[in-house]
């Protein structure tokens with residue numbers, strides 16, 4: 001097994017189409033279960049450098065029903081990872097060591113949904129902060145030695161600070 005290599009690439013205008021293709025397939029396979037599906041993460045922010053992995057957010061009626069759909073999701077090439085460190089989440093990955101997609105699924109009403117969408121929309125509204133985030137990610141890649149855990153840790157202070165600001169902006173609206 002080859003180790004995963006973490007890269008941050010310049011924005012790719014093909015990322016939204018890659019999301020739409022996957023979202024369409026999920027809507028066909030899980031239509032009775034999905035309440036909403038969103039493109040999240042850095043690939044959802046036009047112009048933002050990112051790891052070339054499409055992050056997808058599911059809002060579902062029931063995590064139990066989603067768990068019962070594991071076979072259909074596996075048939076689409078995804079590997080279920082359970083909560084994977086976040087209570088109330090279901091996490092799926094596609095692409096093995098050459099990861100292409102992540103799915104983060106939460107039940108309707110989860111604060112994690114609000115948090116993910118607020119941060120994405122905040123970066124879309126604040127180009128200068130998105131640029132600071134890109135620089136934070138480039139520095140994290142250079143320092144992490146291809147460790148996902150270290151990469152995430154090196155970004156966490158930036159994300160925490162700006163996620164808080166994003167939620168404050170959302171409440172002020």
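Every number in this text was worked out from the coordinates using simple rules, so none of it is lab data. What you see is a predicted model, and the numbers here were worked out from it, not measured in a lab. No Cβ is skipped: glycine too gets one built from the backbone with ideal geometry, and neighbour counts run over all protein chains shown.
Before moving on, here are some points about what is shown:
- Residue 125/residue 147 FRET efficiency (R0 30 Å; Cβ-Cβ; nearest 0.05): 0.45
- Against the compact-protein benchmark of 2.2 N^0.38 Å, the Cα-based radius of gyration of segment 2-46 scales to 1.43.
- Taken over the C-alpha atoms, segment 97-168 has Rg and Dmax values of 13.5, 37 angstrom.
- Taking 0.36 nm per residue of separation and subtracting the Cα-Cα distance, full extension of the segment from residue 173 to residue 11 would add 55.4 nm.
- Directionally averaged shadow of segment 41-106, computed from the convex hull of its alpha-carbon atoms, nm²: 4.8
- The calculated P(r) of the chain, using every Cα pair and 10 Å bins from 0, goes 10, 37, 38, 15, 0 in percent.
- With a cut-off of 14 Å on the backbone N, the residues of segment 127-142 near the modelled label site 7 Å out from residue 157 along Cα-Cβ are 136-137, 139-140.
- Linear extension gain, residue 100 paired with residue 24, 0.36 nm per residue minus alpha-carbon span: 25.7 nm
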